[in-house]
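Some notes on the structure that comes next.
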Amino acid sequence: MCLAKFRRIADIETSKRQTIDLGGSEADVRQRRAEWAELSGLVCEPDEPDKVDGIVMLCHGYGAPGTDLVGLAGYFDATFPELSRRTAFVFPAAPVDLSDYGLFGGRAWWLLNMQRLQEQVAASRFEDLIDEQPDGMIDASVVLTAAIDQCLAEFGLAHDRLILGGFSQGAMISTQTALSLKSPPAGLALFSGMLINAAEWDQKLDRPDRFPVCQSHGVGDPILPISTARMLQQRFEAKGWQVDYTEFRGSHEIPAVALKRCGEFLARQLPPLATS
């Protein structure tokens, strides 16, 4: 994939506020649109962006719009206000437009053969899934890395002030990208992800500069069965990585228990920077 030259992150519409319904409470979130080379997305940031000392970048799942996870910024603002006051939450839209495939407004990090995936899951042929390096995943990781570098540069932060994560396919591209970064991030937050590209990930897990992982998965997930998440957890831990792992009674989703554990993880891994 030919990469366009970086452009400085830029607002493409006036900054605005979004009120998000959090089941009885409301959070006021300032957001703006942004562009990074081949990706675009939303940035939710505090009223004083110059005080941002951490970035949380969350990648949506297959078939979802780029805005799918933006509501999580409202949750963290309401539940972890001290963290939210100094953190930029960044939500990139995946590079593949699925409109031509009947999913209008949906996007993907790489194309999936959903029928094949369902057949593999139904037959418990997980070896085929975990060993495969999907076509397009490496290209997607390259453009996501470019977005990360540009976003960090805008806020004047290093990789150790970044937590990368996502849901489903977004968790997979986050794992691929985080393991490939030259400098380690502060952490990796995975909602309903799984082990894929196993041979390459096994090699990358040998890196000496390990970083903590927060992982959650539903025991009743019919799309990515719990066994695939446990395989990923076990690979991390076998290589000496620290994994904050949560299983919940549920499906392919992000429930309150997973959000709370993730918020605690974010606050732990992104403590306030010491001021002179």
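Which value in deg cm²/dmol, rounded to the nearest 500, describes the helix-derived mean residue ellipticity at 222 nm for the chain, given -39,500 (n - 2.57) per DSSP H run of n ≥ 4 and division by the residue count? If you can, show how the numbers build up before the last one.
Values: 9 runs with 93 residues, N = 276.
About -10000 deg cm²/dmol.
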- Item | Note, ³J(HN,Hα) from phi for the stretch 190-206, Karplus 6.51, -1.76, 1.60, rounded to Hz, x at Gly and Pro | 10, 10, 6, x, 7, 7, 9, 6, 4, 4, 5, 5, 4, 5, 5, 5, 7
- Could you work out the longest stretch of the chain that avoids the trypsin sites (Lys or Arg not before Pro) located in DSSP loops with at most 12 other Cβ atoms within 10 Å? 9-124
- Query: Put +1 on the Cβ of every Lys and Arg and -1 on every Asp and Glu Cβ in the chain; which of Val70, Gly240, Ala140 then has its Cα farthest towards the positive end of the dipole?
  - Reply: Gly240
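Which order do Cys151, Cys44, Cys59 fall in if you start with the one that has the fewest other Cβ atoms within 10 Å?
The order, fewest Cβ neighbours first, is Cys151, Cys44, Cys59.
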- Task: In whole Hz, with x marking every Gly and Pro, tabulate ³J(HN,Hα) for the stretch 127-132 from phi via Karplus 6.51 cos²θ - 1.76 cosθ + 1.60, θ = phi - 60°.
- Result: 4, 4, 6, 6, 8, 7
- Convex hull of Cα atoms in the chain, direction-averaged projection (nm²): 14.6 nm²
- Message: Could you work out the relative contact order of the chain? I mean the mean sequence separation of Cα pairs under 8 Å and 6+ apart, divided by the number of residues, in percent.
- Response: 15 percent
- Please arrange Phe236, Phe191, Phe155 by counting, for each residue, the other beta carbons lying within 10 Å of its beta carbon, fewest first. Phe155, Phe236, Phe191
- May I ask you to sort His217, His252 by Cβ crowding, counting other Cβ atoms within 10 Å and putting the fewest first? His252, His217
- Message: Which of Ser192, Ser141, Ser99 ends up with the largest GNM mean-square fluctuation for the chain, with Cα atoms connected below 10 Å?
- Response: Ser99
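Values quoted throughout were computed directly from the atomic coordinates according to the rules given, and no laboratory measurement underlies them. Note that the coordinates shown come from a computational prediction; the quantities given were computed from them, not determined experimentally. We place every Cβ from the backbone using ideal geometry, glycine too, and count neighbours over all the protein chains shown.
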